[in-house]
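The values are calculated or read from the model by the stated rules, or taken from the named source; none is laboratory data. Bear in mind the structure is a predicted one, so any value in this text is a computation, not a measurement. Cβ: placed from backbone, ideal geometry, glycine included. Neighbour counts: every protein chain shown. The protein model used for the area step is the full one, side chains on, heavy atoms only, and it has no ligands, DNA or RNA in it. Shrake-Rupley method; radii C 1.70, N 1.55, O 1.52, S 1.80 Å.
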Amino acid sequence: NSDCYRDEPKVIDEETLKQAIEEQGPQGQAGDISKNEGIQYEDVLQLRLDYRNILKIYHLWHFTSLTKLQLDNNVIERIEGLENLTNLVWLDLSFNNIEVIEGLDSLVKLQDLSLFNNRISVIENLDALQDLHILSFGNNAIAQLENVLYLRKFKNLRTLNLAGNPICEEERYKTFVTAYLPDLVYLDYRLLDEQTRETANTKYKYAIEGMQQTELQKQQAMEAQKISNEELQLHKDAFVEFLNGPQLFNSMFDEDPDGEKLALLPGMENKTEALCVQIFDAGLTQHAQRMAEVESFFTCSREAVADNRQKAAQIAADFESSRRQVMEMHQITDVELLEDHISSCQEQANQLFETLMSLELQLVDQLEDIFKDFERNISDMVGGFIEYVQGIYPFCRDLENQHHEQQLEIALATLEKVVKNELEEEIPDDMAMLLVDKDTVTNAVSASHDTHLLKIDNREDELLTRINNWMSGLLKSIHDEEVKRNRKRISEIRNYVSYVKDELEDMRLSEHH
């Protein structure tokens, strides 16, 4: 390890990554093809970057399929740059200079995490990693035994290493950890035996029972909040959040203090809620239909690509079979016969190229037809919902106009009673300040009315803008992904046929020599 630190500490760069992938990637023929096609970072599943004197984690955002990453035995001081590695299952950051656990929130699939031999003093910031099975904090600076309590939330944790930390020197260390982490199987490389468990359970029984009650209440509150958040997200995805109640009506008074006072006048009530609920119900129904259409589109597209790939694979396999026979003929002494076989195979390679490109063209046309059908269907759905919404919102405005007229009538009638001293019920002081004269009342009611109409207009505009943006964004992303897929496929075909021709040409040249 000391040899690695003689060089200057460095940031992960493109050169480091290419070198590591070439060393660890496929070798021989598969490696040659891989080099010709270029390194596709998003296809790499495992990556070893150990013993490279790395100080800063960088340039890893393209490795979205990565499941295993080794960054051990470097000089890394901070966990960062891992946000896009959402498929990571195994991460080794041991033997570095890390002081704080951070930057792991997006790695929700992580099962095995090693931070062995760093400078960590607090176990924290792992809440998102609920699938953790194996966790190593050995040889760090963890001095407070209460750190272990944080790990109770990880229900899948079975193996824990804390050996070499100051907490291990406490007499109660083993029983404390065993009692508070009852599902643990291995602690510090050793299997936890039944006697240790019984001793631990007896010693901490009452403390744990109290903690379990508190945890249960927290868990119930979190689950209720999660359900509420999921419901709200569904409503947002349907573009109708907060339209299933009086929120639109109430929001009209957010920037309308005078209107809030006027709403307290006797006889005033909210009638817009029923209309909002109609939009809300229609929105959820339409959202479900749109999602079904989207799923149907992607299913059809995937099936078309898979079917096309299968046909292409069979054609390529047949060609490979005959090509191998030619490649094995290098011992033939009849040069003319060998030349005939090589020429024939080259012709087959040209034919293979034409056939595979033709197949790809057929797939492009097929996917284009599927996309056009989808675009038409989704546009009709969105257009229908927009039409429905635009039919409802005028009723909201009509209700607001009626509300305005009613409010003005009641306000002026109340003013008249105040002037004549005939008002029986008490009115708040801030309301009394409005009921001074007819102009003050009329201006306040009109200003309130304008604010309310603006709120209704804005909510309608927001809904229509968001659903249109969603549709155009979806269609664009589908188009962009198809262009990317097509380019990648054409590149694969070109590189493979080029590789085959190069091999045949090399064979011809060697025979001539």
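Computed quantities for the displayed model
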quantity	calculated
Neighbourhood charge, 11 Å Cβ-Cβ cut-off, centred on Leu352 and excluding it, Lys, Arg +1 and Asp, Glu -1	-2
Which of Leu157, Asn458, Asn308, positive extreme of dipole for the chain (C-beta unit charges)	Leu157
Highest-first arrangement of 120-127, 131-138, where packing means the average Cβ count within 10 Å	131-138, 120-127
Net charge, Ile123 excluded, C-beta distance under 14 Å - Lys, Arg +1, Asp, Glu -1	-2
Only Lys, Arg (+1) and Asp, Glu (-1) charged, at Cβ; the chain dipole about Cα centre in debye	1580 debye
Taking segment 377-501 and dividing mean pair separation by its residue count, relative contact order in percent (alpha carbons under 8 Å, at least six apart)	34 percent
Residue-normalised accessible area of segment 10-205, expressed per residue, 1.4 Å probe, Å²	48 Å²
Peptides 76-88, 209-221, 165-177 ordered by average Cβ neighbours within 10 Å, highest first	76-88, 165-177, 209-221
Mean separation of Cα contacts under 8 Å (6+ apart) over length of the chain, as relative contact order %	9 percent
Ranked packing of 448-455, 342-349, most packed first, by mean Cβ within 10 Å	448-455, 342-349
Built amide H within the under 5 Å cut-off of Tyr58, gap 5+	Ile12
Cα pair distances of segment 63-146 binned at 5 Å [whole percent]	3, 15, 27, 28, 19, 6, 1, 0
The chain - mean residue ellipticity at 222 nm from DSSP helices (-39,500 (n - 2.57) per run, n ≥ 4, rounded to 500)	-21500 deg cm²/dmol
HN-Hα J in Hz across segment 392-397 - Karplus 6.51, -1.76, 1.60, θ = phi - 60°, x for Gly and Pro	8, 4, x, 5, 4, 5
All lysines inside 16 Å of Lys476 as judged from Cα atoms, apart from same-chain residues fewer than 8 positions distant	Lys372, Lys484
Ratio of the Cα radius of gyration of the chain to 2.2 N^0.38 Å, where N counts its residues	1.48
Alpha-carbon centroids, segment 182-229 and segment 458-512: separation in whole Å	50 Å
In sequence order, calculated HN-Hα J values of segment 103-114 (Karplus, 6.51, -1.76, 1.60; Hz; x Gly/Pro)	x, 10, 4, 8, 8, 5, 8, 4, 10, 10, 10, 10
Total formal charge among the other residues, if their Cβ is under 12 angstrom from that of Lys501, Lys/Arg +1 and Asp/Glu -1	-2
